[in-house]
Amino acid sequence: MNSVTELLQAHRSIRKFKQEPLEQETIRELVKSAQAASTSSYVQAYSILGVTDKDKKAALRAISTQPYVEDNGHLFVFLVDYHRHVELSKDKGTPISHDKTEQFVVGVVDAALAAQNLAVAAESMGLGMCYIGSLRNDMAEVIEILELPEGVFPIFGMVVGYPDHEGSQKERLPFEAVYHENTYTPTAKVKPEIDAYDERISSYYEARTGGERRDSWSDQVIGMLGKKQRLDVDAVVKRQGFLGQ
C-alpha cells in the first residue's frame, strides 16, 4: 500500500470530538478539496452549508438524535442544488428544468463525490469525521431550519473535528462479494464468504459491547431494509422541484 491507500483503508467513523472549532483556513481547505471532486458534465449541482449557529445545531441534533451533530468541530450539510442554475438561466433568458430523474441522480452523485473528497482531506489532516444521514429523519424541517429555497434539498450532513476517541473500524464485505468481473456473480456463489463475514461481524459486536450485542451484518441490514423508513422524503424532494410534481 502507499500512503493514500493506507489512509483510505484505515477509515473509521468518529463520534466524539474535542470542544475545539475548526479554523477558518481549515474549513476553506476542506471545501476546496471537496470542490476538486469529479462532477458530471461540469454541472457542480451541489452546495455545502456550514452550520455554526448554536440554535440551528441544537435543532438539527433534535432531528438526528445524535449528540455529535451538536458537539463537533464543524458541521457541514451537503445539498443537492439547482437553485443557482435556475437563477442563472433567468439572467440568460434560457429556461431550464431540473425535475427529471437524471438531474436528481447527477445532484446526488455530485454531492456524494464532493463529500467523500472532504472526508478524505479531513482524515489526511488528522481530523475525524462521521456522515449524518439521520438529517433525513425530517427533511422538511431541515429545509426550514436552514432556509433552503426551491431547487435545493439536504442529502446528508458530516461532522468533522479533532477526535476525542479512536473509534473502531468495521470490516467491510469480502472482496469476492463486491467485485464482479465481466458479469454479475450470483450471491449463492459467494454465500460462504458472506457467512464467514457475518460470523466475524457478530464477534466484533460481541467484543465491542461486552456480549450485549451479537447480530450479524446480514441480520442487521435485512432488519433495517425490511422496515419502511423516511416515507416523507419523496414528497419533500418533489416539493423542492425534483422528480416531477
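Side notes on the structure shown:
- Answer from E20, E29 - the residue that is among the charged types (D, E, K, R) and in a helix (DSSP H, G or I): E29
- Criterion applied to R84, R61 was being over 16 Å from E144 (Cα atoms) and of a type in the set (D, E, K, R), and the one residue passing it is R84.
- The condition (being in a helix (DSSP H, G or I) and more than 19 Å from A37 (Cα to Cα)) is satisfied by just one residue among L88, L75: L88.
- Qualifying residue in the stretch 165-175 (condition: farther than 28 Å from V233 by Cβ, among the aromatic types (F, W, Y) and out of contact with any Gly (no Cβ under 6 Å at 6 or more places or on another chain)): yes
- Enumeration of residues in the stretch 192-235 that are under 30 Å from D99 (Cβ atoms), in a loop (DSSP other than H, G, I, E, B) and of a type in the set (D, E, K, R): K227, K228, R230, D232
- Qualifying residue in the stretch 7-15 (condition: in a loop (DSSP other than H, G, I, E, B), under 19 Å from L135 (Cβ atoms), in contact with a helix residue (DSSP H, G or I) (Cβ under 7 Å, 6 or more places away or on another chain) and at pLDDT 95 or above): yes
- Criterion violated by S134 - all others in (1) of a type in the set (S, T, Y); (2) within 22 Å of G151 (Cβ to Cβ); (3) under 12 Å from the mean Cα position of the chain (by Cα) satisfied: (2)
- Matching residues in the stretch 172-191 - criterion: being of a type in the set (S, T, Y) and not in a helix (DSSP H, G or I): Y179, T183, Y184, T185
- Residue match in the stretch 151-163 (condition: surrounded by fewer than 17 Cβ atoms within 10 Å (Cβ to Cβ) and either touching a His at 6+ places or on another chain (Cβ under 7 Å) or assigned by TED's automatic domain parsing to the domain that holds T26 (or both)): no
- Meets criteria (touching a residue at least 12 places away in the same chain (Cβ under 8 Å), surrounded by fewer than 17 Cβ atoms within 10 Å (Cβ to Cβ) and not in a strand (DSSP E or B)) for Q169: yes
The values are calculated or read from the model by the stated rules, or taken from the named source; none is laboratory data. Since the structure is predicted, the reported quantities are computational estimates derived from the model, not experimental observations. Cβ sites come from the backbone with ideal geometry, for glycine too, and all protein chains shown count toward neighbours.
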